[in-house]
Amino acid sequence: MAMTKAVIDVAALGKVVPSGDGELAILHEISFSVSAGEAVAIVGASGSGKSTLLGLMAGLDLPSSGAVLLGGQDLAALDEDARAELRGRLLGFVFQSFQLLPALTALENTMLPLELAGRADARSTAQAMLTRVGLGERLGHYPKHLSGGEQQRVALARAFAMRPQLLLADEPTGNLDAATGAQIIELMFDMNAEAGTTLILVTHDEALARRCGRTLRLAAGRLVS
């Protein structure tokens, strides 16, 4: 039987930070792999280490021990520029706080990663993605003139515009009301299926986690069964 290649491998990952006169261990010996096309939820209470783990998986922070292999490359073995290049090529992000640039329109926010990648079709691709998320008539609007749900739709368009191998979603409905959040989740899962993207979803919402094929549970910085 053919083996499905892992998009990301997390091996014995640990993170320790200074705290007062000593150290605080945030993550302890975390190990798992996520294969191409999987949808995996990471759940746990506030303070369980979910966001720290996500940052390490994205190469935004480096571990104290262990390793993260993204697309087969050890993130800790790369310098900051190389990690940023790998992120731009392989990863898409959807954040709880949307992370849109306020001085850019919906279209410009969506075009930005495409332009940074040197894509000649940045404008047409961004327009198509915004139309896909239902914002074809809002291209010239700035984030302050968009509702929370509309801002998250822009974030989805931006994330999927580069056709990433892996989408990291950090509490994507955390700042939305229940009805709007449900619409965003349906849209995200639909777009994920269309693109064949691998999804890692960080959430405290058990119902949302059940939408994924597998759930990893963190408690006090440890993976529990």
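Numerical summary
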item	result
Where a residue in the stretch 63-86 is on the phi < 0 side of the Ramachandran plot and touching a residue at least 60 places away in the same chain (Cβ under 8 Å) and its partner, wherever it lies, is assigned to a helix (DSSP H, G or I) and of a type outside the set (Lys, Arg), with Cβ under 9 Å and at least six apart	Val68/Leu56; Val68/Met57; Val68/Leu75; Val68/Ala76; Leu69/Leu75; Leu70/Met57; Leu70/Leu86; Leu70/Leu90
Those residues of the stretch 90-123 which are in contact with a Leu (Cβ under 8 Å, 6 or more places away or on another chain) and among the hydrophobic types (A, V, I, L, M, F, W, C), in sequence order	Leu90, Leu91, Phe93, Val94, Leu101, Leu104, Ala106, Leu107, Leu112, Ala122
One residue from Glu23, Glu38, Glu80 being crowded, with 18+ Cβ neighbours inside 10 Å and among the acidic types (Asp, Glu)	Glu38
Scope the stretch 31-46; condition part of a strand (DSSP E or B) and out of contact with any Ser or Thr (no Cβ under 8 Å at 6 or more places or on another chain); matching residues	Ser31, Phe32, Ser33
Per-region count, the stretch 60-77, residues surrounded by 20 or more Cβ atoms within 10 Å (Cβ to Cβ), of a type outside the set (Val, Ile, Thr) and farther than 26 Å from Leu112 by Cα	1
Lone unmet requirement of (1) farther than 28 Å from Leu56 by Cα; (2) open to solvent by 40 Å² or more (accessible area, probe 1.4 Å) for Leu107	(2)
Of all residues in the stretch 167-225 being part of a loop (DSSP other than H, G, I, E, B) and among the polar types (S, T, N, Q), the one that is nearest to Ile42 (Cα to Cα)	Ser225
Residue satisfying condition, being open to solvent by 30 Å² or more (accessible area, probe 1.4 Å), touching a Gly at 6+ places or on another chain (Cβ under 8 Å) and either under 27 Å from Ala6 (Cβ atoms) or in a loop (DSSP other than H, G, I, E, B) (or both), within set Pro164, Pro113	Pro113
Test: residue in the stretch 31-49 that is touching a Gly at 6+ places or on another chain (Cβ under 6 Å) and closer than 17 Å to Ala220 by Cα	yes
Test: residue in the stretch 139-146 that is free of Cβ contacts under 8 Å to residues at least 40 places away in the same chain, in a helix (DSSP H, G or I) and either within 20 Å of Val43 (Cβ to Cβ) or more than 13 Å from the chain's Cα centre (by Cα) (or both)	yes
Pair list, Cβ < 7 Å and 6+ apart or interchain, from the stretch 1-30 residues that are outside any strand (DSSP E or B) and at pLDDT below 90 to residues that are open to solvent by less than 50 Å² (accessible area, probe 1.4 Å) and hydroxyl-bearing (Ser, Thr, Tyr)	Thr4/Ser35; Lys5/Ser35
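The values are calculated or read from the model by the stated rules, or taken from the named source; none is laboratory data. Model, not experiment: these values are computed from the prediction. Glycine also receives a Cβ, built like all others from the backbone with ideal geometry; neighbour counts cover every protein chain displayed. Side chains included, ligands, DNA and RNA excluded: accessible areas come from the protein's heavy atoms. Shrake-Rupley method; radii C 1.70, N 1.55, O 1.52, S 1.80 Å.
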